[in-house]
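The values are calculated or read from the model by the stated rules, or taken from the named source; none is laboratory data. The shown structure was predicted, so the numbers you read here are calculated from the model rather than taken from an experiment. All Cβ positions, even for glycine, are placed from backbone atoms using ideal geometry, and neighbour counts span all protein chains on display. In case anyone asks, the SASA skips ligands and DNA or RNA and just uses the protein heavy atoms, side chains included. Shrake-Rupley method; radii C 1.70, N 1.55, O 1.52, S 1.80 Å.
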Amino acid sequence: MNMARNAVRWIDYDYEHEHEHDEYGTILVSNFSRNDLSYMQMALTLAARGRGHTSPNPMVGAVVVKDGTVVGRGFHARAGDHHAEVVALREAGELAAGSTLYVTLEPCVHHGKTPPCHRAVIEAGVKRVVAAMADPNPLVGGKGIEALKQAGIHVEVGCLGDQARRLNEFFVTYHELGRPFMSLKWAMSLCGRTAHDSGQSRWISCAESRDHGHRLRALHDAVMVGIGTVLMDDPMLNVRLPGYDGQQPKRIVIDGDLSMPTRARLLRERRKGEVILFTTPFAKPAQIDFFENEGCRVIVIPSKRRIIDLQLVVQELHRLGVMSVLVEGGRQIHTALIQKGLADKVHVFLAPKLIGGCQLRNPVEDLGIGDMDHALMLNDMTIQNIGTDICIEGYLRKI
């Protein structure tokens, strides 16, 4: 949407260097107050309570403030439930009139499973709206902001915007880049091995790390592996946490000639998440028919070889509405995603074990990096102890 240059205050907040920008990048003159930052942080904390339950919707939190007092709070709990603004305004009731609404994402204007939120904001008599970020979904894309302004509401955008983008990194990547957010995960020994020479990989990581891995699966829309991982480990690729009742991720296998074993465990566990098999024209029609009759979705990617172009895979996943994928191997899949610039985040579990060996068992193959000066560096890393392991998580690009 091409809004006028003075339509909205766009603010990129930095604690040391406070600048204000309009949508074209022009630096303006104002900044958010400390109270604004505090209330928006509260809204972000509320939004995070929906983590793992809102896809394909974003996580959103909202806080209603009247005369310096919080009178309403809300967050989007799960897809299909009321949106954060509606929940917060209902709690505020009549006190919402003349209030300021802090919301982590621009109020929506389209009718999905619930009515548009901007109407509820207008009808409640809100005087001012502070949004952390505009909605990257083209169905909204500034239309909510403009609708609020047309109703006479003062709108400001950008308060803690970087935190809001990070919170909804899956949603932002899906709409801005036209592909799912791709997380790579592996466990390895201190000597950089993901398996013994025999192929045995159970278990390099400790039980606590494996539980963390299941929590990562629960947060993503899908889990993806190559056929080599299926043949070696026969994984189920589902979430197996005590008491877990959330949605199971889709289970994706990259299989160039459809050599998937017919008795693979992930096929036997039909209620543990949809199975999607990506293959090439080298797969025999009888094999395709068999797996489709087993309830799998088989997608044939055009190719002159048995190697599948992962760029086409992520495009197809975007078309299917998959916003996030946890890639658990193998090393060829990891390598290809990194080389093509499709990898967003890395989760590595480092176990205090020495294995050694002669065969190639590292998590990533040759990336074509000529020297140490050009090695890929992770950004915004977190390092934590999980059981006996160390978990290193970081980003390969800025969100």
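Candidates Ile153, Ile122, Ile145: the one that is open to solvent by 50 Å² or more (accessible area, probe 1.4 Å) and β-branched (Val, Ile, Thr) is Ile122. Report, by residue number, each residue of the range 73-88 that is assigned to a loop (DSSP other than H, G, I, E, B), open to solvent by 30 Å² or more (accessible area, probe 1.4 Å) and at negative phi. Within the range 73-88, Ala77, Arg78, Ala79, Asp81, His82, His83 qualify. Filtering the range 358-380 to residues that are surrounded by fewer than 11 Cβ atoms within 10 Å (Cβ to Cβ) and under 16 Å from Arg397 (Cα atoms) leaves His374, Ala375, Met377.
Matching residues to (1) over 16 Å from the mean Cα position of the chain (by Cα); (2) not aliphatic (A, V, I, L, M):
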| position | (1), (2) |
| --- | --- |
| Val314 | no, no |
| Ile338 | yes, no |
| Lys345 | no, yes |
| Gly356 | yes, yes |
| Pro363 | yes, yes |
| Asn385 | yes, yes |
| Tyr395 | no, yes |
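Considering the range 224-238, and only residues there that are free of Cβ contacts under 8 Å to residues at least 40 places away in the same chain and open to solvent by less than 10 Å² (accessible area, probe 1.4 Å), the residue that is farthest from the chain's Cα centre (by Cα) turns out to be Val230.
Only one of Val140, Val155, Val172 is among the hydrophobic types (A, V, I, L, M, F, W, C), touching a residue at least 24 places away in the same chain (Cβ under 8 Å) and touching a Cys at 6+ places or on another chain (Cβ under 9 Å). Can you tell me which?
Val140
Scanning the range 381-391 for residues that are in contact with a strand residue (DSSP E or B) (Cβ under 8 Å, 6 or more places away or on another chain) and loosely packed, with under 15 Cβ neighbours inside 10 Å returns Met381, Thr382, Ile383, Gln384, Asn385. Of the residues making up the range 150-165, just one is assigned to a helix (DSSP H, G or I) and acidic (Asp, Glu), namely Asp162. Does the range 285-299 contain any residue that is of a type in the set (S, T, N, Q) and in contact with an Asp or Glu (Cβ under 9 Å, 6 or more places away or on another chain)? Yes, the conditions are met somewhere in the range 285-299. Looking across Val63, Val70, one residue alone is modelled with pLDDT of 95 or more, under 23 Å from Phe32 (Cβ atoms) and surrounded by fewer than 22 Cβ atoms within 10 Å (Cβ to Cβ). It is Val70. Only one of the numbered conditions (1) open to solvent by 10 Å² or more (accessible area, probe 1.4 Å); (2) touching a helix residue (DSSP H, G or I) at 6+ places or on another chain (Cβ under 9 Å) is not met by Asp245, and that is (2).
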